[in-house]
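The structure follows.
The values are calculated or read from the model by the stated rules, or taken from the named source; none is laboratory data. Note that the coordinates shown come from a computational prediction; the quantities given were computed from them, not determined experimentally. Counting neighbours? That spans all protein chains shown, and the Cβs are built from the backbone with ideal geometry, glycine included. Please note that ligands, DNA and RNA were not included when accessible areas were found on the heavy atoms of the full protein model with its side chains. Shrake-Rupley method; radii C 1.70, N 1.55, O 1.52, S 1.80 Å.
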Amino acid sequence: MMLRLRDGGASAMDEFARHHFELSYRVAFLEKKGDTFQDFFSEIMEKRYPGDFQRVRPWGPIGDRKNDGYLKSQRKLFQCYAPNELSAKACIAKIDEDFDGARPQWAEYFDTWVFVHNAKNGLGPDVFAHLHKRDASCKEITVIQWGFEELRQRVFELDE
């Protein structure tokens, strides 16, 4: 990210601007839940990967077929989960429902399934272990998670 100086030169983003963007991202990440978090995620991905990231929205009775977004160049399928309260049991059930639901619909299009969540301080040990078991048991699809930092990195790859 570059700022133009008055003399025509360029410098890295100044400390004040960086702090502002960091704080704005943190607040948005922590406050957005459910569909608003999914929209937040999709907006970031569309800006970071224009023409490559494809937002998938629910379409009547068929829904989104367990696909909240697709990054074509990297063959990644995304599923967002941002409840008001995160419990291990509900989170594991969501992982199973969405992963198992996505495979028959989209398997020919993705090699990596990304569970995107809004747990700022990370996932609990049971959820973490479950994601790794899913990854180990499915040889043709890599299963990973994105949380606060993974999404933050995409934000700071954007131009100001």
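Which of the aspartates and glutamates could a cross-linker bridge to Lys94, judged by Cα under 19 Å and excluding same-chain residues fewer than eight apart?
Asp35, Asp39, Asp64, Asp68, Glu85, Asp126, Asp135
While we're on this one: I'd like the accessible area for Val27, computed on protein heavy atoms only with a 1.4 Å probe and all protein chains in place. Round to 10 Å², please.
Roughly 60 Å² of Val27 is accessible to a 1.4 Å probe.
Within straight cross-link reach of Lys89, meaning Cα distance under 30 Å, which lysines are found once same-chain residues fewer than 8 apart are removed?
Cross-link targets: Lys32, Lys33, Lys66, Lys76, Lys120, Lys133, Lys139.
Using Kirkwood radius over Cα pairs in Å as the read-out, say which of (i) 17.0; (ii) 16.5; (iii) 15.2 was calculated from these coordinates.
(i)
Indicate, rounded to the nearest 5 percent, the antiparallel portion of the DSSP beta bridges found entirely in the chain.
Values: 9 of 20 bridges.
Percentage antiparallel, nearest 5: 45.
Same structure again: Using a probe radius of 1.4 Å on heavy atoms only, what accessible surface per residue do you get for the chain? Whole Å² is fine. Each step should come with its number before you reach the end.
Numbers: 9490 Å² over 160 residues.
Per residue, the chain has 59 Å² of solvent-accessible surface.
Follow-up. Can you sort His19, His117, His130 by 1.4 Å-probe accessible area, starting with the largest? Let's see the in-between values first.
Details: His19 115, His117 5, His130 40 Å².
From most exposed to least exposed: His19, His130, His117.
Related question: Treat each spin label as a single point 7 Å out from the Cα along the C-beta direction, and report the Leu30 to Asp96 distance in nm.
Rounded to a tenth, the inter-label distance reads 3.3 nm.
Using a 1.4 Å probe on the protein heavy atoms, what percent of the accessible area of the chain belongs to carbon and sulfur?
Values: 4880 of 9490 Å².
Summing carbon and sulfur atoms, their accessible area is 51 percent of the total for the chain.
Also, I was wondering about something else. Can you list the residues of the range 25-56 with backbone N under 15 Å from a point 7 Å past the Cα of Gln105, pointing along Cα to Cβ?
Residues 54-56 qualify, since their backbone N sits under 15 Å from the label point.
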